[in-house]
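Okay, structure first, notes after.
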Amino acid sequence: MKRVVVGLSGGVDSSVAAYLLQQQGYEVIGLFMKNWHDDSVTISNDCPWLEDSNDALLVAEKLGIPFQTVDLSEEYKEKIVDYMFNEYEKGRTPNPDVLCNREIKFDVFMKIALSLGADFVATGHYCRKSEIEVEGKIVYQLKAGIDTNKDQSYFLCQLSQEQLSKALFPIGELTKPEVREIASEMELVTAEKKDSQGLCFIGKVRLPEFLQQKLQPKEGQIIQIDALDPIYTTESAEKVLGFDVLTLSSSKVDYTPKMGKVVGKHQGAHYFTVGQRKGLNVGGTKEALFVIATNVETNTIYTGMGAQHPGLFRSALFIESSEVHWIREDLALANGGTMEAMVRIRYRQPLQKATLQQFENGMYITFDEPQSAITEGQFAAWYHEDELVGSGVIS
């Protein structure tokens, strides 16, 4: 019997994952990760991790599997929370869920599981793993979940071959309604439980308040840039062939306050992200204002009116060499190489047709259609059909 440690989160997905593994004849151990102590920034008074760990315990009891809680809050603070603060301070928008999988679930947590003699670690992610042979070597594939509405492969876009080799995703072949049905049949306490919202393992937090612990509020200007500003037209004449086109189309516009008009004030540029509409509190415009750029040095937010404002769109993005990650190392592009792929730049975004080009300094991804709100610090992930083959941090 192979031994599997399941990350029981107190939700329905990981509960059913544990049950299915049991049915498949594995020896299953349930482990709950406690990753957060500071309740001062969570929205609700009820302490989410207490309730979740209790539900996880009840599921383990129902299934008759050993259960324990591991406290990873120190590692979580260091690897996720501190990283988030640093990124926001630089004016970038990190994705804690992707990092949490790479640094916590499939690293710190996985090491604990292996020390308990586990052969595998399992989670309740909606994705699939398969293996193929390439030049006599086993290569692991990370594939989208069958339930396209719930597919979570994007959150695992930073995993390595080694991490995948030890991972199991028991519910990847199921849809959410099927998972709930199994939980109901088994009378698991989590069967009807709502999906958790908010930051990976922290629960519901108000992001500005969360960030204010480290990043002090300071007043700055909100500038509105006109959609007809010459900056959106003159550049096309300067485009030259090759590399410069890529540099130009992936670069953000250098806005200055002189280009627009002051329409309001804000409490800190680092609380805002490109594409954001809520929280600006500026009235009297015909259409909603969207953040098109932030400058944390000058503490300025630049906005444009309407979802089609040209300042929101770019046709390419750049990923620095050190940030390019291939799950399928055998498909990695050599310097000068190109590849057609389907790309998404945020969770749940429909896949977009694009071309990947690898240069010495990094990778350019050029989209067939210009993309709205390409955001620094977020992850771009590229797919071949339903297989996620690589990813990188947008720079």
Open item on the list: How large is the accessible surface of S250 in square angstrom, using a 1.4 angstrom probe and rounding to the nearest 10?
Closed with: 10
- [ ] For T69 and D229, calculate 0.36 nm times their separation in residues minus their Cα-Cα distance, and state this gained length in nm to one decimal.
- [x] 51.9 nm
Open item on the list: Tell me the net charge near N335. Cut-off is 15 Å between Cβ atoms, N335 excluded, with +1 for each Lys or Arg and -1 for each Asp or Glu.
Closed with: -2
- [ ] Could I have the simple spin-label model distance between E51 and D82, label points 7 Å from Cα toward Cβ, reported in nm to one decimal?
- [x] 3.1
Open item on the list: Per 0.36 nm of contour for each residue apart, how much would the distance between K286 and K265 grow if the chain were fully extended, relative to their Cα-Cα spacing?
Closed with: 5.7 nm
Task: Listed residues T148, T175, T256, T123 arranged by accessible area, highest first, probe 1.4 Å - done: T148, T256, T175, T123
- [ ] Can you pull the one-decimal nm distance between simple spin-label points at K252 and K62, each 7 Å off the Cα toward Cβ?
- [x] 4.6
Open item on the list: If I take R0 = 25 Å and measure r between the Cβ atoms of S372 and E297 in this structure, what FRET efficiency does the formula 1/(1 + (r/R0)^6) give, to the nearest 0.05?
Closed with: 0.50
Open item on the list: Give the aspartates and glutamates reachable from K286 as a straight Cα distance under 20 Å; neighbours fewer than 8 places away on the same chain don't count.
Closed with: D226, D229
Task: Calculated [θ] (222 nm, deg cm²/dmol) that DSSP helices of n ≥ 4 give over the chain, each run adding -39,500 (n - 2.57) - done: -5500 deg cm²/dmol
Task: Rounded if a/c under 1.5, otherwise prolate or oblate - the stretch 39-169, Cα gyration tensor axes - done: oblate
TODO: Sort out for me the Cα centre separation of the stretch 171-198 from the stretch 347-374, rounded to whole Å.
DONE: 34
- [ ] For every other residue with a beta carbon closer than 9 angstrom to the beta carbon of D386, add +1 if it is Lys or Arg and -1 if Asp or Glu, then tell me the sum.
- [x] -1
Task: S160 versus K111: modelled label distance in nm, points set 7 Å from Cα along the beta carbon direction - done: 1.2
Task: With all protein chains modelled, accessible area of K353 [1.4 Å, Å²] - done: 130
Task: Gyration tensor (alpha-carbon) shape descriptor, the stretch 244-320, a/c threshold 1.5 - done: prolate
Open item on the list: Cut-off 20 Å, label point 7 angstrom out along Cα-to-Cβ of E89: give me the residues of the stretch 258-272 whose amide nitrogen falls inside.
Closed with: 267-272
- [ ] For a quick protection proxy, order the peptides 267-276, 182-191 by their average other-Cβ count within 10 Å, most packed first.
- [x] 267-276, 182-191
Open item on the list: Please compute the length gained on full extension between N335 and E27, using 0.36 nm multiplied by the number of residues separating them and subtracting their Cα-Cα distance.
Closed with: 106.3 nm
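The values are calculated or read from the model by the stated rules, or taken from the named source; none is laboratory data. The structure displayed is predicted, hence computed values, not measured ones. Neighbour counts are summed over all protein chains in view; Cβ atoms, including those assigned to glycine, are modelled from backbone coordinates with ideal geometry. In case anyone asks, the SASA skips ligands and DNA or RNA and just uses the protein heavy atoms, side chains included. Shrake-Rupley method; radii C 1.70, N 1.55, O 1.52, S 1.80 Å.
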